[in-house]
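In what follows, a single structure is set out as structure tokens and then discussed.
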Amino acid sequence: MRPDLVRSTTLGTLFGILLQLQAFGVQARPEGVSSDARLSTDAGVSIDAAAVKLFDNNCAVCHGHDGRGAVRLPNLPDFSQTAFQDSRSESLLISSVANGRNSMPAFGDVLSRNQIRGLVRFVRLFRKPTGPTPMPHADGPDGLLERALKGQAHIYDLTHVISGKVPTYDGETGSYRYEKQAEIDKQGYALGTLHIPEHFGTHVDAPGHFAKGKATIDKLDPSHFIAPAAVIDVRDKVRANPDYLLTSDAVEKWEHDNGRIPDGAAVLLLTGWEDKFADPTAYRNPDSSGTMHFPGYSATAVDYLLKHNKIVALGIDTLSIDYGPSKEFEAHKRSLGSGLYHLENLANLDKLPPHGAVIFVGALPIEGGSGSPARVLAIAP
């Protein structure tokens, strides 16, 4: 079968499925959520209110209010993706939707040709902006980096000092060793040798840490080490539950409040656990059986981020992106297996705004390494 016919039939059938679900009483929009709450456009773009209502009532049940998919269906398109938008002209989209009435008669009973055209044009508004994410700036043309160089933006160190006091995942206390090789008073210069594991203190996990055949730390794309930061603050949740797991709902709420997570971003989870870093026992927080208790990412949150966003990294201010009691390390396996890298044991995340900061990750290119200690810096407005 011709590829264009396959695309046409698939999209038309999906729209028909949406309408049948609506006929069975499935509500497209949750109670109390307005159409304005889930889509923002550039100033000056006119949105047809009838098209918005049409999408909410007939499409959002499967495609989601952001057009990126609310359920799992074969070949369900993501309206925000450039590949989807670029591969389909307006006439092809209109034809695809209109052809749905051949297999789903209820579709033709609901939508006129003009309504289909309005719906297609509305779907175009879900396209993500192309090109690099613009850095925030105040009055004047300078970007964030230029402002930082002039002392007009903040530079924060997200790194803990490397020392023998750093908490370790397994509780080992002898993994840090620093040996002086020369001293200024004796040799006229200072020199030392440092012995620490790859995953010590503030560090990076490479994909090869958990995923066989994936990139080691020396093979990671260096462009991914400069990334806009999306900081999700869950400190209130963690105070009530040290084993808190970030949910997909919490990510959606963040995007509702702050806009979509930009492509190429590092998602950083602010749990407040850094406050315990000076006390290794409190930071590991083991119970009587030795099981640790601290917050992390749920597998469903990782799946959501991988499906809906082109991010490059996950970060957290605890020992691991998986929560303390984890035995299967699902968050590690899913994210590293998809090519992301991790930042663990981060500091000073509370200094960063929810969005608008940019991080710089100084990971060591250890040949074949599964990770590396790193100096992580951030520039924030």
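Please treat every number below as a calculation from the coordinates, not as lab data. This is a predicted model, so every value here is computed, not measured. Quick reminder, even Gly has a Cβ in these numbers, built from the backbone with ideal geometry, and neighbours come from all protein chains shown.
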For a distance above 22 Å, tell me the whole-number percent of Cα pairs in the stretch 156-380 that qualify.
50
Relative packing of 88-94, 231-237, which averages over residues the other C-beta atoms within 10 Å, highest first:
231-237, 88-94
Kirkwood Rh and Cα Rg combined as Rg over Rh, evaluated for the stretch 240-349:
0.97
Too long for a 28 Å Cα-Cα cut-off, among K150/K276; K150/K253; K219/K310; K253/K310; K165/K307; K212/K237, are K150/K276; K150/K253; K165/K307; K212/K237
